[in-house]
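The values are calculated or read from the model by the stated rules, or taken from the named source; none is laboratory data. On a predicted model such as this, the values are computed, not experimentally measured, just so you know. Please note: Cβ atoms are built from the backbone with ideal geometry, for glycine as well, and neighbour counts cover all protein chains shown. The accessibility values were calculated without ligands, DNA or RNA, using every heavy atom of the protein model including side chains. Shrake-Rupley method; radii C 1.70, N 1.55, O 1.52, S 1.80 Å.
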Amino acid sequence: MLTGTVVNYYTHCKRQCWLFYHKLNLEDNSEDVRIGRVLHDLKRQDKEEVALDGIKLDKLTAEYVTEIKKSDADLSAALAQLEYYLIVLYEKGIARKGRLECLEKKKQSKSTHILTLTEEEIKKRKEQYRRIEEFLSADAPPVPVLKPICKKCAYYEYCFI
Ligand code: SF4
């Protein structure tokens, strides 16, 4: 079953997506991951997190689904995740706009991105989700290809050392 995180990873790195989906979880104590955990705990304290049918939303209001990220390092992956949430809700008859808030740790500021999807875009994304499911049913992940993002990835040693 797809989740927002799986869709995010598919956009970020297909190999990471496959490894994560197949439960090859490696403990990552990098600074980024620690910051992510702290943010997650803070969000839970806010008690605004909403969980339904396999998706966890940081915040749901009458107008927006809000997703909060610790950085805008991979904006397209974060937006793909938010699109997935919008579409899951849309399928349940809950039409909302997306709101992505990225905290920028060095600048101590926040950037906000508003997302809306047309019927045509929703159709295209649903086709893409079917392709992701097919990709995940493969017996092995794609071979690793070294990219700048790899140095910060929890799977770096697994992929390259
Ligand atoms: S180390 Fe690079 S290739 Fe390997 S899973 Fe991470 S991002 Fe993908």
Ala138 being of a type in the set (Gly, Ala, Ser), within 16 Å of the ligand (Cβ to nearest atom) and modelled with pLDDT under 90: no
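State yes or no: is Val143 in contact with a Gly (Cβ under 8 Å, 6 or more places away or on another chain) and either within 14 Å of the ligand (Cβ to nearest atom) or assigned to a strand (DSSP E or B) (or both)?
When the stated conditions are applied, Val143 does not pass them.
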Flag if Ile149 is open to solvent by less than 70 Å² (accessible area, probe 1.4 Å), within 16 Å of the ligand (Cβ to nearest atom), in a helix (DSSP H, G or I) and not polar (S, T, N, Q): yes
Unique match (being modelled with pLDDT of 95 or more, within 25 Å of Val50 (Cβ to Cβ), in contact with an Asp or Glu (Cβ under 7 Å, 6 or more places away or on another chain) and of a type in the set (S, T, N, Q)) among Gln81, Gln128: Gln81
